[in-house]
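Enquirer: Can you keep this structure in mind? I'll have questions shortly.
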Amino acid sequence: MEIYLVRHTTPNIEKGICYGQSDLGITDTFGSEVIKIHNQIPIKEISKIYCSPLQRCKLLAETFDIPITFDNRLKELDFGDWELKTWNDISPLTLNPWMEDFVNVQVPNGESYVMLQERMLEFYNSLDHSSSEKIIIIAHAGPIRALLSYIRQIALKDSFSIKINYGDVIKI
């Protein structure tokens, strides 16, 4: 199986705001970002797309003329009570323990990075890796980084060394 991991295009949100599973729109750079993404993938050889159901991924998936399967396991980290708050507005009493151990500490009414990786690996392990098909997975930086850290045997705490920009395509 050949997999093209694709991070969604630039979301329409101000910098400094905590977002994960909030369903954000996209910016006006969408069209040019889509062209760059399409140029990196052998589209005619792709049999299916697996996609986060959040619109910043869904809108990208719909630019391909390929069957799409939406899967909640591909969603970004659930930031729970912190969703759509500025990072500065999050209480240091809850933020600091998470910042010190974001891998294991669960966001209030959200999830930890370990929890995100567990659901991403559940999805990844459900694929038929013996198949010769080529697929696209459209998701977010968190799930992609968590999967790549597993594949590349990088500790989750060190996984932010894996840079994933908006619109990046990574072949595995």
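Each value in this text was obtained by applying a stated rule to the coordinates, not by laboratory testing. Keep in mind that this is a model prediction, so the values were computed, not measured. Every residue, glycine as well, gets a Cβ built from its backbone with ideal geometry; the counts of neighbours run over all protein chains shown.
Enquirer: Kindly indicate whether any position in segment 111-119 is surrounded by fewer than 16 Cβ atoms within 10 Å (Cβ to Cβ), basic (Lys, Arg) and out of contact with any Leu (no Cβ under 8 Å at 6 or more places or on another chain).
Expert: no
Enquirer: What residue, of PHE102, PHE64, is among the aromatic types (Phe, Trp, Tyr), closer than 30 Å to ILE35 by Cα and over 15 Å from the mean Cα position of the chain (by Cα)? Spell out how you get there, then give the answer.
Expert: Numbers: PHE102 fails: closer than 30 Å to ILE35 by Cα.
Criteria check complete, one pass: PHE64.
Enquirer: Are any of the residues in segment 83-95 among the hydrophobic types (A, V, I, L, M, F, W, C) and under 18 Å from the mean Cα position of the chain (by Cα)?
Expert: Looking through segment 83-95, at least one residue is among the hydrophobic types (A, V, I, L, M, F, W, C) and under 18 Å from the mean Cα position of the chain (by Cα).
Enquirer: Still on this structure: Could you list, in sequence order, the residues of segment 10-45 that are touching a Lys or Arg at 6+ places or on another chain (Cβ under 7 Å), closer than 24 Å to LEU148 by Cα and either β-branched (Val, Ile, Thr) or surrounded by 12 or more Cβ atoms within 10 Å (Cβ to Cβ) (or both)?
Expert: If the condition is that a residue be touching a Lys or Arg at 6+ places or on another chain (Cβ under 7 Å), closer than 24 Å to LEU148 by Cα and either β-branched (Val, Ile, Thr) or surrounded by 12 or more Cβ atoms within 10 Å (Cβ to Cβ) (or both), then PRO11, CYS18, GLN21 are the ones that fit.
Conditions (1) in contact (Cβ under 8 Å) with a residue 24 or more places away in the chain; (2) out of contact with any Leu (no Cβ under 7 Å at 6 or more places or on another chain); (3) of a type outside the set (Val, Ile, Thr), marked per residue:
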site: GLU33; (1), (2), (3): yes, yes, yes
site: SER52; (1), (2), (3): yes, no, yes
site: ALA61; (1), (2), (3): yes, yes, yes
site: LYS75; (1), (2), (3): yes, no, yes
site: LEU95; (1), (2), (3): no, yes, yes
site: VAL103; (1), (2), (3): yes, no, no
site: VAL107; (1), (2), (3): yes, yes, no
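Enquirer: When you check HIS140 against the structure, is it over 25 Å from ILE26 (Cβ atoms) and either buried (at least 16 other Cβ atoms within 10 Å of the Cβ) or not aromatic (Phe, Trp, Tyr) (or both), yes or no? Step through it out loud before you land on a result.
Expert: Details: over 25 Å from ILE26 (Cβ atoms): no; either buried (at least 16 other Cβ atoms within 10 Å of the Cβ) or not aromatic (Phe, Trp, Tyr) (or both): yes.
So HIS140 does not fit the description; no.
Enquirer: What are the residues in segment 86-104 that are over 22 Å from ASN72 (Cβ atoms) and surrounded by 16 or more Cβ atoms within 10 Å (Cβ to Cβ), if any?
Expert: ILE90, LEU95, TRP98
Enquirer: Are any residues in segment 7-42 within 25 Å of ASN72 (Cα to Cα) and among the hydrophobic types (A, V, I, L, M, F, W, C), and if so, which ones?
Expert: ILE13, ILE17, CYS18, LEU24, ILE26, PHE30, VAL34, ILE37, ILE41
Enquirer: Considering each residue of segment 146-172, count those that are part of a helix (DSSP H, G or I), more than 18 Å from TYR124 (Cβ to Cβ) and in contact with a Lys or Arg (Cβ under 8 Å, 6 or more places away or on another chain), and give that number. Explain how you work it out, then say what you get.
Expert: Initial filter on segment 146-172 (part of a helix (DSSP H, G or I)): 146-151, 156-161.
Still in the running and more than 18 Å from TYR124 (Cβ to Cβ): 157-158, 160-161.
Adding the requirement that they be in contact with a Lys or Arg (Cβ under 8 Å, 6 or more places away or on another chain) leaves 160.
Adding up the residues that qualify gives 1.
Enquirer: Here is a further query. Test GLU133 against the stated conditions and say whether it is surrounded by fewer than 19 Cβ atoms within 10 Å (Cβ to Cβ) and at negative phi. Give the steps one after another, and end with the answer.
Expert: Values: surrounded by fewer than 19 Cβ atoms within 10 Å (Cβ to Cβ): yes; at negative phi: yes.
Judged against the criteria, GLU133 is a match.
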